[in-house]
Each structure stands twice: as structure tokens, then as C-alpha cells.
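These notes concern the structure reproduced below.
Just so it is clear, none of the values below were taken in a lab; they were calculated from the coordinates. Bear in mind the structure is a predicted one, so any value in this text is a computation, not a measurement. With ideal geometry, Cβ positions are generated from the backbone for all residues, glycine too; neighbour counts draw on all protein chains shown.
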Amino acid sequence: MIEIRNLHKSFDGLEILKGIELTVEKGEVVVIIGPSGSGKTTLLRCMNLLEIPTQGYVRIGKEELDVSTKWRYKEKVVLPIRQQSGMVFQGYNLFPHKTALENVMEGSVIVKKRPHAEARQRAEEMLAKVGLADRMNMYPHQLSGGQQQRVGIARAMALDPSVLLFDEPTSALDPELVSEVLKAIKQLADEGMTMVIVTHEMGFAREVADRVIFMDAGHIVEEDKPEEIFERPKHERTRQFLQRLQT
Amino acid sequence: MDMLSDRIIGIVVDSFLPLLVTGITYTIPLTFISFAIGLFLAFGTAYARLSSNKILYGISSFYVWVIRGTPLLVQLFIIFYGLPNMGITIGPLPAAVIGFSLSVGAYNSEVIRAAIQSVPKGQWEAAYSIGMTRRQARRRIILPQAIRVAIPPLGNSFISLVKDTSLAATITVTEMFQKAQQITAFTYEPLVLYCEVAVIYLMFSTVLSTLRSRVETRLERYVAK
């Protein structure tokens, strides 16, 4: 479903991703962990081209992109790839001038050009699925953080993406609101949705992940089943990172 | 003394309707038309200033620099009295519209540019993440939020324009202030006439301010109080 080869990304000469190789199978849930500044979020953002790689190959579904030194940004090249994935942001990024329902419908109507009634029905289903059927006509500022993030998930899902990308979906939430969002993500995982999740919630990573990737300093240091990573980490850096979380 | 007062009251009463009618037929349309064209220019200029195209950026920056750095009165004189020397003759009313529009465009392009930049980057990213093009993101997501930020300063600029249209009197447009000057010329009561016209300007600005607050309230409905 996702294939990434020799992916590099630099910002102003500083290399954040140093040759990432990654494959994600259909239906797989991959969780990326690692210290801040390790490049997890940048890697995720390269998957839907919110960041354009400096160099490398990205394939999502059937759409692919090979960035070489001569490559120049073109919207019509980027859009088909981006439309393969949905993204859930750390800060929700809901559209404040639209109701929850309108937030979820927006992509269906404007991007997919679905008829209004069909888009609405789809949006209502998605909101019901994340438990917000009774909050559909509220504006984002009238919702709690957890509710806003669940709208964010519904918004990403409404476009029927091949992959869902989560960028620290619970980091901005009050502790008591984390579980409702994790529950919604878990439900999608159980339904067989392909997902890549960047998170600091290790308990959740363990529970939901088919595979955990540990990143450090722009490299994938180690990847394995969650129980292997958390109980028998092979690399010293992974051990140190996990140890520091426990104390 | 009584006779004097009667005369003054007579002048005020007799001139009120002609002044108001001139205001409604000249000042108000001049304001609305110039503001509409000016806004159009302002959006174009703001986009040009935000674009990565160096030529567009250069032209728009030059325009804003020149118009903001020179007096409106001088600009009107150049357009109406100056351009005929180059063989370009423009009637008084079109000249006024051009002058005011250019001024509105330059000042408000900065307002609109700042408003667009005030929308958090995450809004662009969210729009892109659901597959929108740059145009779609700008029109559907960014502009509606930017306009809410821009409305109060745009409203100020609009009210200023109502008053600035009086400058058109200097290039022979028979708008409200010009009319007041004409009436003064045969009544010899400048204090009365100019105060009277000031009151009518005040009425216009007050009504338009109310209109502006209505628009603001409407646009604020989705913001947390």
C-alpha cells in the first residue's frame, strides 16, 4: 500500500530524513515512535506530500512520485498522491467557519464533486461512527478537543482514503479526553484500515500496532512487532528511549 | 436679530434637500463604485504581493509604495489636470473614480495581505490534506477566515472614503461639498453651509458604520466569545 525508498528531506541544508526505506501493507497499522526531532512527523508529512522530499521515491496505492534533483513542484502531479491518504493533525485543524458536518462534507463536495445529498449522507455516517451524531451542527469552538479530533478523523475518512495518517493525534488533548480519540482510532484499525500513526502513547502503540518503527536522527533504527520492540529492543538507542519514558 | 435667524433658518432648510439629493446621487455612488473597484484592485495586489512571481511582486509593491506615499489630492490633480498634457483627457467623475479606486486598492491590499497571512498555516495544510488545490483552499478555506479579520479595517477605510469623496470637488465634480460651495457663493453664509454639509456627512458615516457593525456581527457567529 505504501512504499518509500531512499527518502531524503532537508530543511535549509539540515538533513532531517536520511534515506528512509519503508513498506506498509494493506490493512497494516504501523506506529512510528522516537524522540522529538527524530523526523517522525516529517516522514509522515512526506507521505502525503505536505512536505516535498528532497530526494526519493514515494508510492501510495497506485500513485507514485520519484523526486530527483531536477524535480519541480507541480500541483497536478502532487494531488493524485495526496488524495490517496487522509491526515489527522495534532492541532485538529478543523475549519472554524464550518460546522462539524460541513467540515466532513467539504472534501466530498469540493474535491470529489459528489452530489450534495450523497456527501451529506456519507458525512453523517462518518460522524455517527466517531460518536458525534448529536454534535453535527456545532462549530468547532463549541466542541471539546476530543470531539474536535474525532471530527478530524471523520473528515479524513469521508474521502475513502487508502491510508490514514495520524500526526500525534492525542498530544494536544487533556488527559481525560485521550481515550475517546484512541477508541475511535482503534475501531478503524479493527475494521482493517491501513494506518500510519505517529504517537507518544506507548500503551496505545502496543495495543493497536501490527508493527512499531523506532526512529532516531533521521533513520529508522529498528522495526518489529510491538512486543519485540517494547520487551526485547535490539538496539541501544531504542532501549535508552524506552527506558527514559518509564522514569 | 430675529430677522437674521429667520434668514439663516431659511437658508438651512432650503439648502438641506439639494445637498442631501447631491449626496445621495453623487457622494454615495462615488463611494460605493470606487470602493468596489478598489477592493478588486486590493485583492489582486494582495495576491501579487503574496505570490512567488518576482515581476508581479515588483509591480504591486511599486504601486502600493507610490499611492501610499503621495497625497490623494495630488493624485487627483495629476489624473484630471495633468494627464490631458499627455493627450489623455478624462472627465471629472471618471477621474475621481480612478483616483479613489487606486487609493482604496493600495491601502487595502495591505489589509487583505495581512488578513490572509493571519490564517494559521494548519488551515492550508488541512485543506491540502483533503485534496484541495491551492485555488480551492484559498477560496473555500482561507478567504472566508481572512475576510473576517479584514472587515473592521476595511470598514474604516470605507467610512474614510465617504469623507474623502469631498476632495472630488477640487476636480470640478459637483458632489455634495461642491454643491455646498455653490450655495455659499450666493448666500454668503459659509459657516452655516459648511456646518450643514458636515452634518450630512456625519449622517452618512453613521448609517454606514451601523451597516458595517451588522456585517461584522454576522461574520463573527462562528467565533468563540
If the viscosity is 1.306 mPa s and the temperature 10 °C, what translational diffusion coefficient in µm²/s does Stokes-Einstein give for the range B:98-225 when Rh comes from Kirkwood over Cα pairs?
90
Identify all lysines with a Cα-Cα distance to A:K183 below 17 Å; exclude those on the same chain that are fewer than 8 residues away in sequence.
A:K129
Within-12-Å neighbourhood charge of B:V13 [Cβ basis; K, R +1; D, E -1]:
-2
A:H235 versus B:A185, label points 7 Å from Cα toward the beta carbon: distance in nm?
8.8
Dipole size in debye (nearest 20) for the range A:94-165 around its Cα centre, Lys and Arg Cβ +1, Asp and Glu Cβ -1?
100
Stick to the Cα atoms of the protein assembly as shown, pair each with every other, and give me the Kirkwood hydrodynamic radius in Å at one decimal.
26.5
Can you give the helix-only mean residue ellipticity at 222 nm for the protein assembly as shown, where every DSSP H stretch with n ≥ 4 adds -39500 (n - 2.57) and the sum goes over all residues, rounded to the nearest 500 deg cm²/dmol?
-17500 deg cm²/dmol
Reference-scaled alpha-carbon Rg (2.2 N^0.38 Å with N residues) for chain B
1.25
Working note, the range B:51-123: Cα radius of gyration (Å, one decimal) and Dmax (Å, whole number) are 15.6, 53
Chain A: D in µm²/s via Stokes-Einstein (Kirkwood Rh, Cα pairs, 4 °C, 1.567 mPa s)?
70
Cα lying deepest toward the dipole's positive end in chain B, options B:A95, B:Y47, B:S109, charges on Cβ
B:Y47
Residue-span extension gain [B:T210 to B:Q117] - 0.36 nm each, minus C-alpha spacing
30.7 nm
Past 27 Å, Cα to Cα: identify those pairs from A:K113/B:K54; A:K74/A:K112; A:K40/A:K186; A:K112/A:K225; A:K26/A:K70, in the order given.
A:K113/B:K54; A:K112/A:K225; A:K26/A:K70
Relative to the longest principal Cα axis of chain A, at what angle does helix A:236-246 sit, 0 to 90 degrees, rounded to 10?
50
Compute the FRET efficiency between A:A217 and A:Q142 as 1/(1 + (r/R0)^6), taking r as their Cβ-Cβ distance and R0 = 45 Å, and round to the nearest 0.05.
0.60
Radius of gyration and maximum dimension Dmax of the range B:45-93, Cα, Å:
14.1, 38
Taking Cα atoms only, Rg over Rh for the range A:144-247 with Rh from the Kirkwood formula is 0.98
Can you give me the C-alpha center-to-center distance between the range A:206-247 and the range B:153-198, rounded to a whole angstrom?
76
